[in-house]
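> One structure follows; several queries about it will come next.
The values are calculated or read from the model by the stated rules, or taken from the named source; none is laboratory data. Predicted model only: the values in this text are computed from it and were never measured. Note that each Cβ is placed from the backbone with ideal geometry, even for glycine, and that neighbours are counted across all protein chains shown.
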Amino acid sequence: MIEVGGLPAPFNHVNVDTLIMAWIAMALILVIAFLVRQNLKVYPTKLQTFGESVYDLTRSITMATAGSRGDAFLFFIGSLFIFILTANLLGQLPLRFIQMMSGYPGELIAPTGDFNTTAALAIFTLIMYFYFGIRKKGLKYFKHYVQPSPFFLPVNLVEDVTRPFSLMLRLYANILVGEILAMVAFSIMPYVLPVVVIFLELFVAFVQAYIFSILSSVYIALLSAEDH
Amino acid sequence: MEPSTAALLAGPLAVGIAAIGPAIGISLMTSAYFNSIARQPEIQGGLTPYYFITLGVVELLGLFGFVSFYLLFNRFGG
């Protein structure tokens, strides 16, 4: 944590470790995307097959929730999925064990294990579903707040807060639990035990990226759907 | 009882009690998921996204317990 001047109290701290890890994740994604993009062929190479399967996976998410209408927000869901997956997997590298032994006073964990990162992602989901809803329906979008009857207004308003909040909390808590488990395992038995936890975490990393992007996709699809 | 002792007791209790509900919920859900796949194997592709959506929703309740534990621990225990 370092302090930055010129901002009020809760906003003047920057978590440098999270920032560095997020930058590493973004650099990895950029490099891999650039390599995949290099020479595309009709008969794909291994790297191109990998890129295509990632695309197919993200497209299956939007297809499952919004059908072919989902292609409009595929760019957002795909970016979410790829960033979260890379970030989660980055946390499974043994960086934190090296850091624990070296005595560096920070925590080099996955960037999604910090709720600032996941809050940013969740807020973008909120903005996106407002954007797609308003683009689709215009000002009639706000009619869904009083949709079954005007008595549902408070419930619908609260939903706009709980949706990003639950997205944020789910990803953050899952990744943090994994990191803490791995650290506990490391301090009990540094040679074999963390490997077991890390293998479990590889699965969790994938599932959480999938859940985050599919729920975002559901929210966007739900609020930009046609009225019946 | 000192506040820090109470917090140390409350944290693990929060995690444990909060885990009961999601455990039951996820077990019920997964058994229904496997049953339906056993009956109709071709439905698996259509069912899996909904399974994961519900998994995320149910699991969140357990994570509330963990987060409250973490906050309590950082506040009083550390």
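> Return a yes/no flag: does the stretch B:42-56 have any residue that is away from chain A (no Cβ under 13 Å) and more than 25 Å from A:Tyr219 (Cβ to Cβ).
yes
> What number goes with the only condition from (1) farther than 14 Å from A:Thr62 by Cβ; (2) among the hydroxyl-bearing types (Ser, Thr, Tyr); (3) within 12 Å of another protein chain (Cβ to nearest Cβ) that A:Tyr191 does not pass?
Of the numbered conditions (1) farther than 14 Å from A:Thr62 by Cβ; (2) among the hydroxyl-bearing types (Ser, Thr, Tyr); (3) within 12 Å of another protein chain (Cβ to nearest Cβ), the odd one out for A:Tyr191 is (3).
> Just one of the numbered conditions (1) closer than 19 Å to B:Leu63 by Cβ; (2) at pLDDT 90 or above is not true of A:Thr86; which one?
(1)
> Can you tell me which condition A:Lys137 does not meet? The list is (1) more than 19 Å from B:Gly62 (Cβ to Cβ); (2) of a type outside the set (Val, Ile, Thr); (3) surrounded by 21 or more Cβ atoms within 10 Å (Cβ to Cβ), and all the others hold.
(3)
> With the structure loaded, tell me whether A:Phe76 is over 10 Å from the mean Cα position of the chain (by Cα), under 19 Å from A:Phe212 (Cα atoms) and not hydroxyl-bearing (Ser, Thr, Tyr) or whether it fails that test.
On the way: over 10 Å from the mean Cα position of the chain (by Cα): yes; under 19 Å from A:Phe212 (Cα atoms): yes; not hydroxyl-bearing (Ser, Thr, Tyr): yes.
For A:Phe76, the condition - over 10 Å from the mean Cα position of the chain (by Cα), under 19 Å from A:Phe212 (Cα atoms) and not hydroxyl-bearing (Ser, Thr, Tyr) - is met.
> Can you tell me which residue in the stretch A:194-228 is nearest to the other protein chains (Cβ to nearest Cβ), limited to those that are more than 19 Å from the chain's Cα centre (by Cα) and closer than 20 Å to A:Phe124 by Cα?
The extreme case among them is A:Leu222.
> Sticking with this structure for a sec: Listed residues A:Ala173, A:Ala182; which is touching a Leu at 6+ places or on another chain (Cβ under 6 Å) and at pLDDT 85 or above? Write out each step before concluding.
Working: A:Ala182 fails: touching a Leu at 6+ places or on another chain (Cβ under 6 Å).
Step by step, each of A:Ala173, A:Ala182 is checked, and only A:Ala173 is touching a Leu at 6+ places or on another chain (Cβ under 6 Å) and at pLDDT 85 or above.
> Condition first: farther than 16 Å from A:Ile211 by Cβ and among the acidic types (Asp, Glu). Now tell me which residues in the stretch B:30-64 satisfy that.
Within the stretch B:30-64, B:Glu42 is the sole residue that qualifies.
> Here is a further query. For the stretch A:97-112, does any single residue satisfy the condition of being within 14 Å of another protein chain (Cβ to nearest Cβ), at pLDDT 85 or above and under 21 Å from A:Ile20 (Cβ atoms)?
Checked against the condition, which is being within 14 Å of another protein chain (Cβ to nearest Cβ), at pLDDT 85 or above and under 21 Å from A:Ile20 (Cβ atoms), the stretch A:97-112 yields at least one hit.
> Oh, and also: Those residues that are in a helix (DSSP H, G or I) and closer than 15 Å to A:Asn15 by Cβ, I need them from the stretch A:104-161; list them, please.
If the condition is that a residue be in a helix (DSSP H, G or I) and closer than 15 Å to A:Asn15 by Cβ, then A:Pro111, A:Thr112, A:Gly113, A:Phe115, A:Asn116, A:Thr117, A:Thr118, A:Ala119, A:Ala120 are the ones that fit.
> Please count how many residues of the stretch A:6-32 are at pLDDT 90 or above and loosely packed, with under 13 Cβ neighbours inside 10 Å.
Going through the stretch A:6-32 one residue at a time, the tally reaches 4.
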